[in-house]
Each structure stands twice: as C-alpha cells, then as structure tokens.
Amino acid sequence: MSELLKQLFQSGEIYKHAWITIWTTLLSTLIAYLIGLPIGVLLNVTDKDGLRPCVPLNRALGLIVNILRSMPFVILMVAFLPVAKFFVGSSTGNAAMLVMLIIAAAPYVARLVESSLKEVDRGVIEAARSMGASNLQIIFKVFLPEAKPSLIVGAVISTVTILGYSAMASTIGGDGLGKVAIIYGHQRFNEDIIWVCVAFTVIIVQIIQEVGIFIAHKTDKRIRKIKKRRVL
Amino acid sequence: MIEFRHLRKEYPVANGTLVALDDINLSIENGVIYGIIGLSGAGKSTLVRCINLLERPTEGEVIIDGEDLVKASGKRLREIRRNIGMIFQGFNLLEQRTVEANVRFPLELIKTPKEQANRRIDELLRLVGLQDKAKAYPSQLSGGQKQRVAIARALATGPKYLLCDEATSALDPNTTNSILELLKDINRELGVTIVMITHEMKVVESICSYVAVIDKSKIVEHGKVTELFSCPKSEIAKELILPGLIRSESTPGNKLRLIFDGSVTDKPLISTLSRECGVEVNILFADTKTIDGKIFGHMVIAMPSDDRAVAEIKTFLDKNGVTYKEGI
C-alpha cells in the first residue's frame with residue numbers, strides 16, 4: 001500500500017471524495033429530472049401521434065436534445081464554461097461541475113422519459129379519452145403512473161451515467177473519486193489508489209442499481225414485471 | 001338518439017387516401033341494443049369511434065340527443081363523453097391501479113367527493129359481480145373479469161350510452177355469454193342504449209334487437225335482427241349468417257334453411273317431419289340452441305328431388321310455425 005493511500009484513508013479524504021461523488025451525482029440527477037421530465041413529456045405529447053401533435057415544437061426540442069446528447073461530456077464541459085460562469089459565478093470547482101452534469105444529463109433524461117411514456121398502451125390512453133379525460137389529466141393520471149416502473153428504471157440508468165460523467169469533472173476542478181484517481185493515483189503513479197477508487201464506484205453503482213430496480217419491481221403491478229436482474 | 005348524417009372518414013395513406021367510412025346514415029333509437037356487424041377492415045371500429053369522436057369524421061354530422069358533436073368545443077365534448085361509456089376488445093384497464101381504482105378513474109376526472117365515489121364503486125362492483133376483487137390488480141384477473149371491470153368503469157359516470165368495440169372477441173364462448181348476459185341486464189335494468197361492434201353473428205343474434213351490416217366502408221343493410229336473420233339481402237349478410245362454404249357446397253338438389261326465432265317449442269321436429277312426410281331428411285348444417293324451451297338459430301336441410309315430397313315438407317313446416325327460405 002502506498003504512503004499516499006494510507007494518508008487518504010487516515011485523513012478521511014477518500015471518504016470525503018466518495019461522498020462528494022454521491023451527492024453531486026444525486027443532486028444533479030434530481031435537477032436534471034426537474035428539467036428533463038417535462039421536456040420528455042413534451043416530446044411525447046407533441047409527437048405527430050401524440051396527445052397534442054405539434055410538429056415544429058417537437059422538431060425544435062428534438063434538435064436541441066440531439067445536439068446536447070451527441071456532445072462528448074469532456075467537450076461539453078469546456079464548451080459550456082461560460083454558462084457555468086453565468087449561473088454559479090465560476091467556471092471551475094464543484095458548483096461548475098454540477099451545472100455541467102445537469103446540462104449533460106437533462107437531455108438524456110428527456111429521451112429516457114420519452115421512451116418510457118411510449119411504452120404506455122395506446123388503448124389505455126384511448127379509454128381515458130373516451131371517459132372525457134383532458135390532456136393534462138391523461139398526462140398526470142395515465143401516462144406518468146402507468147409508466148412509473150419504467151421511469152424508475154430510467155432514473156437508475158441516468159444516475160449511473162451521471163456518476164460516470166462526474167468522474168470526468170475533475171478536468172474543471174470538481175472534487176470526487178474521479179479527482180482522487182486521476183490526480184493522486186494516475187499522475188503520481190499510485191496504481192493502488194486508482195483501484196480503490198474503482199472499488200468505491202463499483203459499490204456505489206451496485207447500491208444504486210439494486211435499490212432502484214427493487215423499487216421499480218415493487219411498484220410494478222403487471223404480470224410481466226420489470227426484470228429484477230436487468231443489464232443496465 | 002344517436003344519428004349519423006352523411007358521415008365520411010378518410011385517412012391519408014402513402015399512396016393517396018383511404019376511405020374508411022363512406023356516406024353513413026343511421027339512427028340508433030334510445031333503449032335498444034344495436035349491433036354493427038362486418039368483417040375486419042370494413043370500418044366498424046372507425047364508425048363506433050365516431051360516436052364519441054375518438055375519431056373525427058372528415059365530413060358529416062354525428063348527432064347525439066340533437067347535438068352535433070363535430071361542432072362541440074373541446075370542453076363540451078369531454079362532458080358529452082361522460083355520457084357515453086365505452087369498452088374495448090383489449091379491456092384497456094390501467095395496469096398499475098387496482099380494480100377499485102380503475103372504476104374510480106372516471107369519477108376522479110370529474111372530482112367526485114370521496115364518500116360519494118366509494119358508494120358508487122361499491123354499487124358498480126356489485127352490479128358486475130366483482131365485490132371481492134376490489135383490491136386486486138388487473139394482472140390477477142381473467143379476461144372475463146377484466147371486461148367486467150371495464151364495464152363497471154364505463155358505467156361509473158352513469159352514461160346513457162355504452163359503446164362496445166368487439167368487447168367479447170377476446171373471450172372464450174362461456175365467458176362471452178356471461179358478458180352478453182350482463183350487457184343485456186344493463187340495458188334492461190338501467191335503460192342504457194348499447195351499441196355493439198362485432199364480427200360475430202352469434203353476438204348480434206343473442207342480444208341485439210337491431211343491426212346494421214357494414215361492408216367496404218358502407219352500410220349495406222340495416223333493420224331488425226329477426227328480419228335480417230330470416231331474410232338477408234346483401235351477400236355479406238348472407239356470408240355472416242352462414243359460412244360461404246356451406247352455401248356453395250355442391251350438394252345435389254335444393255336446400256332449405258329453417259329459421260327458428262323462438263316461436264317453435266323444443267320438440268323432435270326433424271324426426272317428426274321425416275315420419276309424417278315419409279322422407280329422409282339430410283341435415284347439412286345446424287346452429288340452434290334452446291332457451292326457455294324455445295328454439296333459436298337455423299338449420300339447413302337437403303330437399304328431396306320429388307316435388308310432392310317438397311310440398312309436403314313445406315306444409316309440415318307451415319303447420320308447425322317454422323320460417324324457412326329456399327335455396328338458403
């Protein structure tokens with residue numbers, strides 16, 4: 001065991017960074033959902049077969065989402081530095097990292113939500129319309145509750161993806177396990193530190209997955225439930 | 001009353017337009033069970049969806065109790081839809097809600113107070129015979145039970161009309177009968193006007209009093225079920241009543257179709273006929289059932305070539321009150 005690794009454990013530094021990775025991931029996923037969920041609903045609703053078709057709006061939203069989705073995270077971070085500066089007053093550090101994670105995650109979340117909603121049986125939507133439900137009632141009482149298990153699985157996938165992004169955020173001075181692995185591990189030739197970080201992330205990802213899929217499975221009332229063991 | 005006036009529905013397709021409904025004119029009186037029968041692709045599902053405007057007609061009027069739905073505003077249309085329940089072939093229940101919560105759904109939409117909604121749900125589940133399944137999820141129910149939940153849900157807001165889109169097509173014969181009985185009760189006891197879309201003559205025969213036959217986007221024939229059954233005019237109606245195979249079968253000699261509309265009581269009719277007229281009777285096809293001692297359905301028999309024997313058979317049938325049709 002390298003001296004530095006011992007130090008990291010003794011000072012609690014490693015736990016501090018693991019904790020930062022966890023909360024930045026969860027917080028940015030949450031905020032990404034606040035933005036991405038309505039966009040995903042809008043993408044579904046304005047689709048040409050949707051509840052309220054509006055092709056121009058659908059195309060425009062789809063284009064923005066596609067552009068953001070196709071940018072590799074490392075490039076997105078440097079490209080959007082001014083945006084971070086505008087929102088949090090700094091283009092480096094943890095606050096800037098959060099902004100970047102949200103910008104990257106929101107369009108991803110929007111697409112996941114859109115596809116979850118597509119899984120809802122059209123016959124059920126038709127039945128709701130036949131009962132005099134308004135579009136808003138259909139969204140809140142049919143689409144979202146019926147797609148709940150699938151939405152939860154989507155949330156697990158996005159959380160894990162964002163956790164992966166957060167490791168790259170050390171590029172702009174964000175803390176977390178990524179920073180420990182790159183700066184203390186890779187750059188100072190302490191391979192054991194890298195592997196400790198790997199172990200931490202594996203544990204975190206496993207916990208998120210198991211808990212998330214358990215909840216999704218538990219809430220699903222269909223016969224063909226969301227699978228308990230699912231490759232994410 | 002439901003009225004269609006010059007109803008036309010077109011769909012844009014890759015190479016032009018598809019006419020799903022062509023100049024439909026039809027009136028459905030209150031209180032009846034009205035069947036709309038046709039083969040798949042004839043346009044019957046589109047037609048029933050025009051009643052509550054799930055499909056907006058390209059041209060024409062849909063008039064319910066004097067009001068043209070095509071001209072109604074979005075809000076008004078949603079109000080009208082609460083007066084028109086609908087059930088489907090695929091049941092279309094909310095899978096993540098319990099039976100009780102499914103029935104509650106339409107009541108939630110109009111913000112019915114909880115106490116009142118609970119009472120209504122109890123009432124409806126008792127009506128469809130599923131009180132004990134209130135807390136079950138649709139995935140735990142059989143097809144027939146799911147359709148019962150769908151019926152309870154469709155009736156929650158106390159509609160005057162109930163549309164059934166192939167409601168029994170996914171069910172086995174026994175379950176089909178029990179659902180048809182339930183619909184009949186609902187019609188009789190609650191006075192709900194029922195419009196049944198189906199491709200099965202059996203369904204029409206067993207519960208409908210009126211029927212419209214739809215073929216290639218047009219209504220080719222409509223009227224009382226008994227009339228259509230004893231004397232179908234269109235090819236398609238004949239096809240629906242008797243499979244083409246039996247009609248075209250090259251059995252030598254003439255054929256006679258005997259129609260039982262319940263006026264004949266259950267007795268060994270054919271063997272009596274055979275004995276009294278001294279002829280051998282060959283039954284080519286039979287689809288009859290006995291309800292309360294009366295015979296319903298029809299039967300095709302081969303006729304002897306001897307003219308005198310034929311006359312005797314006819315006299316016998318007249319005497320026994322059996323309707324018949326020559327040459328099917």
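When A:Ile207, A:Ile194 are screened for being more than 21 Å from the chain's Cα centre (by Cα) and part of a helix (DSSP H, G or I), only A:Ile194 passes. When each of B:Ser178, B:Ser209 is tested for being hydroxyl-bearing (Ser, Thr, Tyr), touching a Ser or Thr at 6+ places or on another chain (Cβ under 9 Å) and surrounded by fewer than 19 Cβ atoms within 10 Å (Cβ to Cβ), the lone residue that passes is B:Ser209. Within this structure, B:Arg153 fails the test of being closer than 30 Å to B:His6 by Cβ, facing chain A (nearest Cβ under 8 Å) and in a helix (DSSP H, G or I). Within the range B:258-270, the only residue that satisfies the criterion of being among the small types (Gly, Ala, Ser) and over 15 Å from B:Lys319 (Cα atoms) is B:Gly262. If I filter the range B:78-97 down to residues being over 19 Å from A:Phe143 (Cβ atoms) and not charged (D, E, K, R), which single residue comes out as nearest to the other protein chains (Cβ to nearest Cβ)? The extreme case among them is B:Met86. Looking at the range A:94-104, can you tell me whether even one residue there is surrounded by 17 or more Cβ atoms within 10 Å (Cβ to Cβ) and within 14 Å of chain B (Cβ to nearest Cβ)? Within the range A:94-104, not a single residue is surrounded by 17 or more Cβ atoms within 10 Å (Cβ to Cβ) and within 14 Å of chain B (Cβ to nearest Cβ).
Of all strands (runs of 3 or more DSSP E) completely enclosed by the range B:6-120, which ones contain at least 3 residues that are without any contact (Cβ under 8 Å) to a residue 12 or more places away in the chain and either in contact with a His (Cβ under 7 Å, 6 or more places away or on another chain) or of a type in the set (Phe, Trp, Tyr) (or both)? Let's see the steps before the verdict.
On the way: elements: B:16-28, B:33-37, B:59-64, B:84-88.
Answer list for the range B:6-120: none.
Yes or no, residue by residue, for (1) in contact (Cβ under 8 Å) with a residue 24 or more places away in the chain; (2) in contact with a strand residue (DSSP E or B) (Cβ under 6 Å, 6 or more places away or on another chain); (3) hydrophobic (A, V, I, L, M, F, W, C); (4) not in a helix (DSSP H, G or I):
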| residue | (1), (2), (3), (4) |
| --- | --- |
| B:Lys146 | yes, no, no, no |
| B:Leu162 | yes, yes, yes, yes |
| B:Thr176 | yes, no, no, no |
| B:Lys184 | yes, no, no, no |
| B:Glu189 | no, no, no, no |
| B:His222 | yes, yes, no, yes |
| B:Ile236 | yes, yes, yes, no |
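For the range A:1-39, a residue qualifies if it is free of Cβ contacts under 8 Å to residues at least 24 places away in the same chain and among the aromatic types (Phe, Trp, Tyr), and the qualifying residues are A:Phe9, A:Tyr15, A:Trp19, A:Trp23. Selection within the range A:105-120: residues that are surrounded by fewer than 18 Cβ atoms within 10 Å (Cβ to Cβ) and away from chain B (no Cβ under 14 Å). The member of this set that is farthest from B:Asn83 (Cα to Cα) is A:Ser115. For the range B:1-24, does any single residue satisfy the condition of being at the interface with another protein chain (Cβ under 10 Å from one of its Cβ atoms), more than 17 Å from B:Thr193 (Cα to Cα) and over 26 Å from the mean Cα position of the chain (by Cα)? No, there is no match, as no residue in the range B:1-24 is at the interface with another protein chain (Cβ under 10 Å from one of its Cβ atoms), more than 17 Å from B:Thr193 (Cα to Cα) and over 26 Å from the mean Cα position of the chain (by Cα).
Considering only the range B:68-76, I want to know if a residue exists there that is at the interface with another protein chain (Cβ under 9 Å from one of its Cβ atoms) and surrounded by fewer than 19 Cβ atoms within 10 Å (Cβ to Cβ). Looking through the range B:68-76, at least one residue is at the interface with another protein chain (Cβ under 9 Å from one of its Cβ atoms) and surrounded by fewer than 19 Cβ atoms within 10 Å (Cβ to Cβ). Taken over the range B:106-136, the criterion of being under 18 Å from B:Glu95 (Cα atoms) and within 12 Å of chain A (Cβ to nearest Cβ) is satisfied by B:Pro106, B:Leu107, B:Glu108, B:Leu109, B:Lys135, B:Ala136.
Here is a check on your reading of the model: is A:Gly123 in contact with a strand residue (DSSP E or B) (Cβ under 8 Å, 6 or more places away or on another chain), surrounded by fewer than 17 Cβ atoms within 10 Å (Cβ to Cβ) and either more than 19 Å from A:Leu51 (Cβ to Cβ) or within 14 Å of chain B (Cβ to nearest Cβ) (or both)? So A:Gly123 fits the description; yes.
Across the range B:137-150, the number of residues qualifying as more than 10 Å from chain A (Cβ to nearest Cβ) and either surrounded by 19 or more Cβ atoms within 10 Å (Cβ to Cβ) or of a type in the set (Gly, Ala, Ser) (or both) comes to 8.
The residues of the range A:134-151 that are surrounded by fewer than 23 Cβ atoms within 10 Å (Cβ to Cβ) and facing chain B (nearest Cβ under 8 Å), listed by number, are A:Ser134, A:Gln137, A:Lys141, A:Pro145, A:Lys148. Scan the range B:126-184 for residues that are more than 28 Å from B:Glu79 (Cβ to Cβ) and of a type in the set (Asp, Glu) and the total you get is 3.
Each value in this text was obtained by applying a stated rule to the coordinates, not by laboratory testing. None of these values were measured; they are calculated from a predicted model. Every residue, glycine as well, gets a Cβ built from its backbone with ideal geometry; the counts of neighbours run over all protein chains shown.
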